[in-house]
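To start, the structure under review is shown below, and the notes come after it.
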Amino acid sequence: MDLTQRQVFTTGQVAKICHVVPRTVAKWFDSGRLKGYRIPGSQDRRIPRGILLAFLEEHGMPFGELETDKETEARILRAAKAGKLAKCEEAMDYEDAEANQ
């Protein structure tokens with residue numbers, strides 16, 4: 001299944017997305033830094049898509065192929081509301097002005 005379609009991830013899948021070993025993801029989960037749930041009757045952990053995306057964004061990690069176009073748009077809107085987009089536009093305007101001199 002394509003990562004943009006997946007709604008729940010294993011610790012192994014999250015490890016690949018974050019470029020860490022599965023034990024690191026387990027530690028994030030066990031410490032409460034990364035929320036999710038355990039499969040009943042098992043020690044297996046699962047991380048819902050929304051929680052994983054929020055974790056990646058909070059820690060400045062790239063979304064990579066995990067992100068859909070709709071999620072990209074939502075992230076841009078959140079950045080704009082936070083004033084981050086204006087700073088990017090100012091930097092781009094500055095670069096354009098420098099190039100035209």
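Listing for the model above:
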| item | result |
| --- | --- |
| Qualifying residues in the range 62-84 (those that are assigned to a loop (DSSP other than H, G, I, E, B) and closer than 25 Å to G32 by Cα) - the one modelled with the lowest pLDDT | E67 |
| Qualifying residues in the range 3-28 (those that are in a helix (DSSP H, G or I) and of a type in the set (S, T, Y)) - the one farthest from the chain's Cα centre (by Cα) | T24 |
| Every residue from the range 29-61 that is more than 27 Å from E73 (Cβ to Cβ) and either without any contact (Cβ under 8 Å) to a residue 12 or more places away in the chain or assigned to a strand (DSSP E or B) (or both) | D30, S31, G32, Y37, R38, I39, P40, G41, S42, Q43, R45 |
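Residue by residue, here is whether (1) loosely packed, with under 13 Cβ neighbours inside 10 Å; (2) of a type in the set (G, A, S); (3) modelled with pLDDT of 95 or more holds:
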| residue | (1), (2), (3) |
| --- | --- |
| M1 | yes, no, no |
| Q5 | yes, no, no |
| V14 | no, no, no |
| I17 | no, no, no |
| V20 | no, no, no |
| W28 | no, no, yes |
| I47 | no, no, yes |
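The values are calculated or read from the model by the stated rules, or taken from the named source; none is laboratory data. Remember, it's a predicted structure, so these values are computed and weren't measured experimentally. We place every Cβ from the backbone using ideal geometry, glycine too, and count neighbours over all the protein chains shown.
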